[in-house]
Amino acid sequence: MNVIDTAISDVKIIEPRVFEDDRGFFFESFNQEKFQLATGCDLSFVQDNHSRSDLGVLRGLHYQLPPMAQGKLVRCAVGAIFDVAVDIRRSSKTFGSWVGVELSAENKRQLWIPQGFAHGFLTLSEVAEVLYKTTEYWNSNLERSIKWDCPELGVGWPSGYDIRLSGKDASAKPLGGQELFD
Ligand SMILES: Cc1cn([C@H]2C[C@H](O)[C@@H](COP(=O)(O)OP(=O)(O)O[C@H]3O[C@@H](C)C(=O)[C@@H](O)[C@H]3O)O2)c(=O)[nH]c1=O
């Protein structure tokens with residue numbers, strides 16, 4: 001397993017070791033011990049999510065407030081996505097900055113996004129299936145959404161896509177005025 005730093009130190013790209021042979025491939029999509037060693041995070045995951053999206057579907061930018069804040073370990077098992085993490089910790093040196101990484105069935109990369117970040121992705125392929133683990137359960141009262149194209153954030157989403165949003169995400173508010181992390 002290879003761990004690659006991003007422009008935001010707490011957000012990591014994880015590349016599993018893939019074993020290929022004439023049957024296909026095998027890799028450990030998650031190994032608690034190796035994950036803890038790689039990230040230095042002693043935590044446990046409590047929920048696994050799986051979503052399927054069509055080309056141009058953008059989900060995000062989502063987060064949950066304490067006491068149900070979620071860390072997320074994200075991968076794409078079918079197709080490709082542009083996955084984004086936005087630092088929304090007010091006390092952070094990188095508050096308001098973002099990282100974007102292509103995750104695909106082909107590159108098998110995973111993105112580790114700790115608590116204190118908003119998360120979203122754009123579907124780059126005809127279909128994408130995204131699987132992610134979360135460190136806290138879903139709580140509809142504490143979930144929040146920041147507008148995907150909030151000018152203050154200026155996320156560099158890939159261009160040329162016919163963006164499709166849920167009603168909730170289409171009516172999301174920009175960063176300013178949102179309840180964030182300390
Ligand atoms: C997130 C979530 C949704 N749901 C339900 C609520 C709703 O009826 C349906 C679809 O929910 P949403 O429209 O919020 O799904 P979606 O837009 O895919 O939300 C997800 O987006 C990505 C970017 C994230 O980071 C996730 O944490 C989550 O917020 O699924 C659950 O039952 N459990 C969950 O954990």
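The length gained by stretching the chain between K168 and R52 to full extension, at 0.36 nm per residue less their Cα-Cα distance, is 40.0 nm. Simple point charges give the picture: +1 on the Cβ of Lys and Arg, -1 on the Cβ of Asp and Glu, and for the range 82-157 a dipole about the Cα centre of about 380 debye.
The length gained by stretching the chain between D149 and V127 to full extension, at 0.36 nm per residue less their Cα-Cα distance, is 5.7 nm.
Roughly speaking, what % of Cα-Cα pairs in the range 44-170 are separated by over 17 Å, rounded to a whole number? Tail of P(r) above 17 Å: 55 percent of Cα pairs.
Around the Cα centre of the chain, unit charges on the Cβ atoms of Lys, Arg, Asp and Glu (plus for the first two, minus for the last two) sum to a dipole of about 400 debye.
Positive end of the dipole of the chain (Cβ unit charges, origin at the Cα centre): among A172, G71, Q32, the Cα lying farthest that way belongs to A172. Note: relative contact order over the chain, using C-alpha pairs below 8 Å and six or more positions apart, is 29 percent.
Annotation: lysines with alpha-carbon distance below 29 angstrom to K108 (same-chain offsets under eight excluded): K12, K34, K72, K133, K147. Taking the number of Cβ atoms within 10 Å of each Cβ as an exposure proxy, the fewest-first ranking of I8, I163 is I163, I8.
Shown here is the pair-distance distribution of the range 1-97: with all Cα-Cα distances grouped in 5 Å bins from zero up to the longest one, the shares run 2, 8, 17, 21, 22, 17, 7, 2, 1, 0, 0 percent.
Where a number appears in this text, it was derived from the coordinates with a stated rule and is not lab data. The model shown is predicted, which means the values in this text are computed figures rather than measured ones. Note: ideal-geometry Cβ built from the backbone for every residue, glycine included; neighbour counts use all protein chains shown.
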